[in-house]
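The values are calculated or read from the model by the stated rules, or taken from the named source; none is laboratory data. Remember, it's a predicted structure, so these values are computed and weren't measured experimentally. All Cβ positions, glycine included, derive from the backbone under ideal geometry; neighbour counts span all protein chains shown.
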Amino acid sequence: MIAAYATRFSPDDPAAGLEVGERPEPVAREGWSVVDVRAAALNHHDVWSLRGVGLRAEQLPMVLGTDAAGVTADGREVVVHAVVGGTDGSDEPRSLLSERYDGTLADRVAVPTWNLVDKPAELSFVEAACLPTAWLTAYRMLFTTGRATPGQRVLVQGAGGGLATAAVALGAAAGLEMVVTSRDEERRARALALGAASAVEPGARVGRVDVVLESVGRATWSHSIRSVRPGGIVVVAGATSGDAEPAELTRIFFQEITVAGATMGSRDDLRHLLAFLARTGVRPVVDTTFPLERARDAVARLAAGEQFGKIVVTV
């Protein structure tokens, strides 16, 4: 089969370590199924893997990709939950596809059958492929961990990436007042068109919010802590600019601010997310699509930070 796989680590030029070519067919062992991939979305996880974060040299070559939508051998249209182990009652240690097992940037992928969720007919394969990482994390940050309810104000640090666009679209559809920060004027305008109530430059005064969705880290941490109301919650799902220094602990304890982590989401979260989109008409923002043969171009676009929304590889 054809697949896009990491052959070496390249911290300065991640796409240079990606090859597209023949790889062995996946084998469906007991409790696993093979999915014919129709579409697979990229995530920053793929870029970090190519930089050598989370993978060891002895694991290469490794087929990349965590997200996919496709069809099983019996014709079932499915979305793949990317978390293997840890939550399915097995002894399998928790990992994401492309960390211990080959990922989804391929003609076919083998996954635990437990990880398969029915794709709603209302969603295309490209749309469904966008959901298992960025959109699932945004859903969990907002509703499961953040416990946001209609009428509350939510600050999203950064606009343009899959996580931020997902949070804005989901929050606006659920009746939340979404506030977004971005250095880029065009991205701020696109966030407003997506449903954000306001979009401002990083660090600008936004007034107190009930929930902050934080994935940037050091560059925005102080602004996040100073923007959340006393008793509010900051939900953290990443730190792309590095760990925060200082941690603002005095303000956190004095104002009884909750800081909570969120990583991906459960299979039930994915089911609920799919139902949310099917019923509301909300759809993922797709930046661009590339055929599998051009997976290196897709990764290069993501690594350059040029996208607004999800980059999807079609098979």
Test: residue in the stretch 162-178 that is out of contact with any helix residue (DSSP H, G or I) (no Cβ under 6 Å at 6 or more places or on another chain) and charged (D, E, K, R): yes
Report every pair of residues separated by at least 6 positions or lying on different chains whose Cβ atoms are under 6 Å apart, first residue within the stretch 236-250 and under 15 Å from GLY261 (Cα atoms), second small (Gly, Ala, Ser) and modelled with pLDDT of 85 or more. VAL236/GLY261; ALA237/SER215; ALA237/ALA262; GLY238/SER215
Which residue pairs have Cβ atoms under 7 Å apart, sit 6 or more places apart or on different chains, and have a first residue in the stretch 10-27 that is among the β-branched types (Val, Ile, Thr) and a second that is outside any loop (DSSP other than H, G, I, E, B)? VAL20/ILE2; VAL20/ALA4; VAL20/LEU292; VAL20/GLU293; VAL20/ALA295; VAL20/ARG296; VAL27/ALA110
Cross-chain or 6+ apart pairs with Cβ under 7 Å, the stretch 154-174 first and under 22 Å from SER222 (Cβ atoms) and modelled with pLDDT under 90, then part of a loop (DSSP other than H, G, I, E, B) and aromatic (Phe, Trp, Tyr): GLY160/PHE308
Quick test of your reading of the structure: LEU249 fulfils all but one of (1) assigned by TED's automatic domain parsing to the domain that holds THR145; (2) surrounded by 14 or more Cβ atoms within 10 Å (Cβ to Cβ). Name the failing condition by number. (2)
Among LEU155, LEU163, the single one that is farther than 27 Å from PRO24 by Cβ, in a helix (DSSP H, G or I), within 19 Å of the chain's Cα centre (by Cα) and in the same structural domain as ILE257 (by TED's automatic domain parsing) is LEU163
Pairing a residue in the stretch 93-119 that is farther than 20 Å from PHE290 by Cα with any residue that is surrounded by 24 or more Cβ atoms within 10 Å (Cβ to Cβ) and among the polar types (S, T, N, Q), where Cβ atoms lie under 7 Å and the two sit 6 or more apart in sequence or on different chains, gives LEU96/THR66; LEU97/THR66; LEU97/THR104
Can you pull out the residues in the stretch 47-105 that are over 15 Å from the mean Cα position of the chain (by Cα) and either among the aromatic types (Phe, Trp, Tyr) or in the same structural domain as ALA239 (by TED's automatic domain parsing) (or both)? TYR101
Would you be able to say whether some residue in the stretch 130-144 is of a type in the set (Ser, Thr, Tyr) and either at positive phi or without any contact (Cβ under 8 Å) to a residue 60 or more places away in the chain (or both)? no
Which residue out of GLY242, GLY203, GLY232, GLY217 is in contact with a His (Cβ under 8 Å, 6 or more places away or on another chain) and outside the structural domain of ALA15 (by TED's automatic domain parsing)? GLY203
